[in-house]
Each structure stands twice: as C-alpha cells, then as structure tokens.
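Colleague: Submitted below is the structure of interest, expressed as structure tokens.
No lab work stands behind these numbers, since they all come straight from the coordinates. Fair warning: this is a prediction, and the values are worked out from it, not measured in the lab. FYI the Cβ positions are ideal-geometry reconstructions off the backbone, even for glycines, and counts take in every protein chain you see.
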Amino acid sequence: MPRFAVILPAAGRSQRFRDPAYKKPFAPLGGRAVWLHSAERFLNRDDVKQVIVIVAEEDKEEFQRKFGANLAIMGVDLCVGGEERTDSIANALALVDEKNAFVAVHDAARPCVAEKWLDAVFAAAVEHGAAILAQPVAATLKRQTADAAQPLIAETVDRRGLWEAQTPQVFRRELLLEAYANRGDAVATDDAALVEQLGRPVALVEGSPLNIKITTKSDLKLAEQILKVLPKPPAKGGAHPFADDDLWR
C-alpha cells in the first residue's frame, strides 16, 4: 500500500471571512474547529501516515495553547507558514517523511470532502503521478472590461473543457519537490500549477459541488448542512479525539 502524507494549509489571512474573532480554518463548525473536520477525513485512512497543519507565525502560540492536546493525540505535525502560500507549502514539504511516497495538499478550510472522493484522487495519483479533485464548470462565464467603476461584459467565455480546481491535490513526493525547487518567483494559487510548469501531466478527478471551501461566514451554515449528509469516516480505536469544546476562542 502506498504511503501518503497530507499537508493542511491554514496560514492564510482570511480577509474575505471578515470575522475579528476567527480565521476561517479555526472557526467553529458543528462543535469543532473547521480544520479539525478536514484533518479527521484523513487521519482515519490506513494509507495516510503523516498529517501536517500549517499556521501563520502570528497564530502559532495561540494555536498550540488551544489545540496542543489535539495535535499530540492525533499525531499531527505543526508547521509555521511563510509569506506566500508557496512558501508555506515548501516549509511543510521539508517536514514530510521520506518514507511517504505521495503528498496530498488539502485546504484546511475545506471540511466537506468525502472518503470516496479521496479514494478516487489517491488512486489516480498513484496511476498518473499527479491528480487533483476538480469540478467541470457548469455556469456561463463572462469576461469583464477593464473599467473598474462599472465593469461591462467584454465577452462570453467558452466553458467547454474548463474545470474548477478543488483539493486535495495529490502528487508523487519527488515530483512535488521538483516542482517547488523549480518554482522560481512564481506565486501559484495551487500546487498543480507548479507541476504543470514542469510539463508533467496532472489527472483531473471529478469531485463534487459539496466539496466547498469556507470563504465567507455564510459558508459555515452551508458546510454544517453538508456534513450532516456526508458519510462519517470510520473512527480508529473507538474513542473520538475531538471534544465539543475544541474551538478556537
């Protein structure tokens, strides 16, 4: 069985979340912090041997105070992020055990991923070396004019062949290390873009509209309803490591 490490980036600024008390990965969702839901989806998999959560330097002390016991019980490694997302992922990659042949990068603020989607994207990564969850674009797309005061439609964009990227994005470890070693000054919004720059193929695995990323506070209400209908991941060892008060306060 191939071994996987999982990186959960949670070091973003959460500017669109607009909550003075919480950054989005630490906001309460159904009695637990968002990032705990995301971590739980991977921790109970037999093929996942390492989970790393990335937090900003400014959040590290409070995160350890609040979630230190969870990290210890769950066996999750903590990593301090960098200035940009790519810097944060590079920091986490340095902590990945060499025994793990594959690395999955999954948004800590994307708590509604189901086990069957993980099975599919992990299998595709093993077959192709790189794979991401994504959703075919269904909406009609418009490109705007450059006028910021009152944007106008410049054109309708052909959506055929367009996909909206999701996470996890899963790669053979050596491939992702190579992509980051050759990233130069690129500030990529996802890891697949860096692998694409190497000219290497990345498989598209159809995910689901339910695999939402928490961006605004209203997304929490939607995520709470989605979690009610998703199958619960099987628990290891019987006891659940997440208490109801495990919230970022």
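Colleague: Would you compute, from DSSP H runs of 4+ residues alone, the mean residue ellipticity of the chain at 222 nm, taking -39500 (n - 2.57) per run and dividing by the full residue count, rounded to the nearest 500?
Modeller: -9500 deg cm²/dmol
Colleague: For residue 99, list the lysines whose Cα falls under 28 Å from its own Cα; do not include residues on the same chain fewer than 8 positions away.
Modeller: Cross-link targets: 49, 60, 116, 236.
Colleague: Quick check: residue separation of residue 197 and residue 95 times 0.36 nm, minus the Cα distance between them. What number comes out in nm?
Modeller: 34.4 nm
Colleague: Measuring from label point to label point, each 7 Å out along Cα→Cβ, what is the residue 142 to residue 159 span in nm?
Modeller: Once both label points are built, they end up 1.4 nm from each other.
Colleague: At 0.36 nm per residue, minus the direct Cα-Cα distance, what do residue 206 and residue 80 gain on full extension? Give it in nm, one decimal, please.
Modeller: Difference between extended and current length: 42.2 nm.
Colleague: Which order results if 191, 87, 185, 46 are arranged by neighbouring Cβ count within 10 Å, fewest first?
Modeller: Working: 191 30, 87 15, 185 5, 46 9.
Fewest to most other Cβ atoms nearby, the residues stand as 185, 46, 87, 191.
Colleague: Can you tell me how much longer the chain between residue 187 and residue 73 gets when fully stretched, taken as 0.36 nm per residue apart minus their C-alpha distance, in nm with one decimal?
Modeller: 37.6 nm
Colleague: Separation between the residue 64 and residue 217 pseudo-spin-labels, each 7 Å from Cα along Cα→Cβ, expressed in nm?
Modeller: Inter-label distance under the simple model: 3.1 nm.
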